[in-house]
1. Once Rh is set to the Kirkwood radius over Cα pairs, what Stokes-Einstein translational diffusion coefficient, in µm²/s, holds for the range 8-92 at a temperature of 25 °C and a viscosity of 0.890 mPa s?
2. Largest first, please: the extent of the C-alpha atoms of the range 51-118 along each principal axis, to the nearest Å.
3. What FRET efficiency, computed as 1/(1 + (r/R0)^6) with R0 = 41 Å and r the Cβ-Cβ distance, is obtained for TRP68 and SER199, rounded to the nearest 0.05?
4. For the range 67-159, which chymotrypsin sites (Phe, Trp or Tyr not before Pro) are in a loop by DSSP, counting at most 14 other Cβ atoms within 10 Å?
5. Peptides 184-196, 5-17: what's the order by average Cβ count within 10 Å, highest mean first?
6. In µm²/s, what is D for the range 152-208 at 4 °C and 1.567 mPa s, where D = kT/(6 pi eta Rh) by Stokes-Einstein and Rh is the Kirkwood radius from Cα pairs?
7. Between GLU13 and MET155, what FRET efficiency follows from the Cβ-Cβ distance if R0 is 22 Å, with the result rounded to 0.05?
8. Over the range 94-147, what portion of Cα pair distances is larger than 19 Å, expressed as a whole percent?
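What follows is calculated from the coordinates using simple rules that are stated; it is not laboratory data. Given the structure is predicted, the values throughout are model-derived calculations rather than measurements. Don't worry about glycine lacking a Cβ; one is built from the backbone with ideal geometry, like all the others, and counts go over all protein chains shown.
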Amino acid sequence: MAGVGAHFYRPAEGTGLPHDPFNAIVGPRPIGWISTQDADGVRNLAPYSFFNGFNYRPPIIGFASVGWKDSVANIEATGEFVWNLATRELATAMNETSAPLPSGDDEFDRSGLTAVASATVAAPRVLESPVNFECRLTQLIQLTDVDAAPVETWMVFGQVIAVHIDQQWLVDGVYDTAGPRPILRAGGPASYVEVGPESVFTMDRPTS
């Protein structure tokens with residue numbers, strides 16, 4: 001039973017609210033800013049708001065695409081992609097890469113960002129981004145609901161095989177998470193969160 005005063009709803013029946021709160025509650029979420037290219041070398045760059053890391057060794061990251069989009073098609077065809085860290089400084093450019101351009105149009109050109117060659121994969125990196133993960137596809141999975149019916153969302157998992165980090169964000173060999181001021185998706189129609197040094201606190205795990 002829902003708590004006293006709680007707004008209760010069943011998602012299949014609608015939320016009863018002006019905007020679905022799911023994305024805002026499960027947040028803020030890191031942005032999967034994914035660069036790819038197709039088999040003919042046509043580039044693509046797009047942000048995905050369902051993204052995270054899922055394994056340490058080997059390092060595996062993943063993002064979900066609601067709909068079969070160019071990023072997924074390119075990754076299926078080539079088996080490669082690059083994740084690029086989205087920061088407050090790059091927020092406007094990142095947002096430009098979310099525009100619904102015709103297939104084949106270059107988001108690097110639209111956003112004014114610089115595509116630079118990766119070290120181990122054919123997909124380009126965003127030069128301006130302070131961190132890039134070069135990845136190879138490990139799994140491409142279409143999601144299903146509780147009745148095993150296919151959902152029009154695909155989960156892409158990739159193993160990180162090469163990493164680029166701007167050296168200014170390595171402090172005594174430790175990566176400064178807040179230093180580049182990463183941005184995260186906070187749900188709602190257009191909300192984001194910026195992470196800065198003032199947001200960081202420490203808490204050690206119990207040892208027994």
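1. Approximately 164 µm²/s, per Stokes-Einstein.
2. Largest first, the range 51-118 extends 36, 29, 26 Å along its Cα principal axes.
3. 0.70
4. In loop regions of the range 67-159 (DSSP not H, G, I, E or B), the sparsely surrounded chymotrypsin sites (Phe, Trp or Tyr not before Pro) are TRP68.
5. 184-196, 5-17
6. Answer from the Stokes-Einstein relation: 86 µm²/s.
7. Computed FRET efficiency for GLU13 and MET155 comes out at 0.30.
8. Summing the P(r) of the range 94-147 above 19 Å gives 48 percent of all pairs.
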